[in-house]
Amino acid sequence: MSHLMNTSGTATVAPLIPAERDYIRSQLTMFFSTLPTVAEGFTLKTWAGGPQRGQPKVPKVAAGLVARGLMRLDVTSRWPRLFFTDAGIEALRAMMADTRLADPTRFAHVRRELGIDPSQVHG
């Protein structure tokens, strides 16, 4: 699990490392005028040939997120996807709430989805 104990003895979510934050920001940035959502997950490509043909291509940083229990791999649909776990949503919420880590304007759609800026109207 990706929780740490703080000085008061309660669990806190492990912070995302810089490479993980970069990967997440790249996946949640507008793509061809489409705003991706956290709920849709991150689509992965699959191997076209060789011994791994048809298996998902999981970037190293994404494999680390899975290993730390922050994301899970789902291969039940046509395209494999990565989805945040509950612990991953906590880490993502902390990242998106920190304006030094995620620009609030660029990621307003994610902040709204996570309930950080629920009253903000898309502009």
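The values are calculated or read from the model by the stated rules, or taken from the named source; none is laboratory data. No experiment lies behind these values; they were computed from the predicted model shown. Neighbour counts are summed over all protein chains in view; Cβ atoms, including those assigned to glycine, are modelled from backbone coordinates with ideal geometry. Only protein heavy atoms, including side chains, enter the accessible area calculation; ligands, DNA and RNA are left aside. Shrake-Rupley method; radii C 1.70, N 1.55, O 1.52, S 1.80 Å.
Couplings 3J(HN,Hα) of the range 54-71, computed from phi: x, 7, x, 8, 9, x, 3, 5, 5, 4, x, 5, 5, 4, 7, x, 8, 9 Hz, in residue order, whole Hz [Karplus 6.51 cos²θ - 1.76 cosθ + 1.60, θ = phi - 60°; x for Gly and Pro]. Rounded to 0.05, the FRET efficiency of the W47 and D86 pair, given R0 = 22 Å and the Cβ-Cβ distance, is 0.15. Taking amide H as placed 1.01 Å from N in the peptide plane, T46 has its amide H under 5 Å from the amide H of K57, each at least 5 places away in sequence or on another chain. Rolling a 1.4 Å probe over the protein chains gives T105 an accessible area of about 110 Å². At 1.4 Å probe size, with the rest of the protein present, what percent of the exposed accessible area of the range 13-123 is carbon and sulfur atoms? For the range 13-123, the apolar C and S fraction of the accessible surface comes to 57 percent.
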